[in-house]
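Undergrad: Shown below is the structure under consideration.
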Amino acid sequence: MQKCTLALGCFWKPEENFKNKPGIIQTEVGYAGGHNPKVTYEEVCTGNSGHAEVVQLTFDEKVISYRKILDLFFKMHDPTQKDMQYPDVGTQYRSEIFYENETQKKEALEVFDEYNKKHDGKVQTNISEIKNYCKAEEYHQKYIEKNR
């Protein structure tokens, strides 16, 4: 089993999209890439925490490869939008691949280059080492579910 963490706008739709893919064992929504190891939804919404909304995937690499997950990532959102996925605007909605190790980093850079060529050099996706991941608090999930 491996993990990967991806930011591609508001985390609800990507989580739903990944959840039913063969080889995806578990999905979890949260925040990553920010200044502190623990953050609230309200702090993320200020745009000052540095965190992005993310979906963290646990996957069986014998069934689905990391590269295939990255292909799905680039197809599930518009990677040419900076700090947004229309209609959601803000740094927390940026496009970013958070890698767990050097192998993931290498593959992420290769796939990035492929998609950047397809999009005439306009891809805005960041590639960063995972840091300060925290699961979205349960109260936040319930709040969002009510207000979607």
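Undergrad: Which one of GLU114, GLU107, GLU96 is at pLDDT 95 or above, part of a strand (DSSP E or B) and not aliphatic (A, V, I, L, M)?
TA: None of the other options fit; the residue is GLU96.
Undergrad: Only residues in the stretch 4-21 that are touching a residue at least 40 places away in the same chain (Cβ under 8 Å) count as the first member; pair them with residues that are outside any helix (DSSP H, G or I) and open to solvent by 70 Å² or more (accessible area, probe 1.4 Å), Cβ under 8 angstrom, at least 6 apart or cross-chain, and list the lot.
TA: Pairs found: CYS4/GLU100; THR5/GLU100; TRP12/ARG148.
Undergrad: Let me ask something else. Can we say LYS135 is in contact (Cβ under 8 Å) with a residue 24 or more places away in the chain and either open to solvent by 60 Å² or more (accessible area, probe 1.4 Å) or at positive phi (or both)? Working first, answer last.
TA: On the way: in contact (Cβ under 8 Å) with a residue 24 or more places away in the chain: yes; either open to solvent by 60 Å² or more (accessible area, probe 1.4 Å) or at positive phi (or both): yes.
Yes: the conditions hold for LYS135.
Undergrad: Now for a different question. Find the residue count for the stretch 18-52, including only residues that are in contact with a helix residue (DSSP H, G or I) (Cβ under 6 Å, 6 or more places away or on another chain) and over 22 Å from THR91 (Cβ atoms). Walk me through how you get there before you give the answer.
TA: Looking only at the stretch 18-52, we keep the residues that are in contact with a helix residue (DSSP H, G or I) (Cβ under 6 Å, 6 or more places away or on another chain), and these are 24, 27, 29, 31, 41, 44, 47, 49, 51-52.
Okay, now just the ones that are also over 22 Å from THR91 (Cβ atoms), so 24, 27.
The number of residues fulfilling the criteria is 2.
Undergrad: While we're on this one: Given the conditions (1) closer than 13 Å to THR125 by Cα; (2) of a type outside the set (A, V, I, L, M); (3) part of a helix (DSSP H, G or I), report the number of the one that THR80 does not fulfil.
TA: Of (1) closer than 13 Å to THR125 by Cα; (2) of a type outside the set (A, V, I, L, M); (3) part of a helix (DSSP H, G or I), only one is false for THR80: (3).
Undergrad: Name, by its number, the condition in (1) in contact (Cβ under 8 Å) with a residue 24 or more places away in the chain; (2) surrounded by 14 or more Cβ atoms within 10 Å (Cβ to Cβ); (3) not aliphatic (A, V, I, L, M) that does not hold for ASP78.
TA: Status for ASP78: all satisfied but (1).
Undergrad: Please work out which residue is nearest to LYS82 (Cα to Cα), limiting yourself to the stretch 1-57 and to residues that are among the basic types (Lys, Arg) and part of a loop (DSSP other than H, G, I, E, B).
TA: Per the criteria, the residue is LYS38.
Undergrad: Of TYR31, TYR86, TYR99, TYR93, which residue is farther than 19 Å from ASN132 by Cα and touching an Asp or Glu at 6+ places or on another chain (Cβ under 9 Å)?
TA: Working: TYR31 fails: farther than 19 Å from ASN132 by Cα; TYR99 fails: farther than 19 Å from ASN132 by Cα; TYR93 fails: farther than 19 Å from ASN132 by Cα.
From the options TYR31, TYR86, TYR99, TYR93, the qualifying one is TYR86.
Undergrad: Let me ask you something else. Picking from VAL39, VAL63, VAL29, which residue would you name as being under 13 Å from the mean Cα position of the chain (by Cα) and either farther than 30 Å from ASP120 by Cβ or in contact (Cβ under 8 Å) with a residue 24 or more places away in the chain (or both)? Please lay out each step first, then the result.
TA: Numbers: VAL39 fails: under 13 Å from the mean Cα position of the chain (by Cα); VAL63 fails: under 13 Å from the mean Cα position of the chain (by Cα).
Unique residue meeting the criteria: VAL29.
Undergrad: Still on this structure, I have one more. Can you pull out every residue in the stretch 58-67 that is of a type in the set (A, V, I, L, M, F, W, C), surrounded by 18 or more Cβ atoms within 10 Å (Cβ to Cβ) and not in a strand (DSSP E or B)?
TA: Of all residues in the stretch 58-67, those of a type in the set (A, V, I, L, M, F, W, C) come to 59, 63-64.
From the residues that got through so far, the ones that are surrounded by 18 or more Cβ atoms within 10 Å (Cβ to Cβ) too are 59, 64.
Residue satisfying the conditions is ILE64 alone.
The values are calculated or read from the model by the stated rules, or taken from the named source; none is laboratory data. Since the structure is predicted, the reported quantities are computational estimates derived from the model, not experimental observations. Glycine gets a Cβ as well: all are built from the backbone with ideal geometry, and neighbour counts include every protein chain shown. We work out accessible area using only protein heavy atoms, side chains counted, and drop any ligands, DNA or RNA first. Shrake-Rupley method; radii C 1.70, N 1.55, O 1.52, S 1.80 Å.
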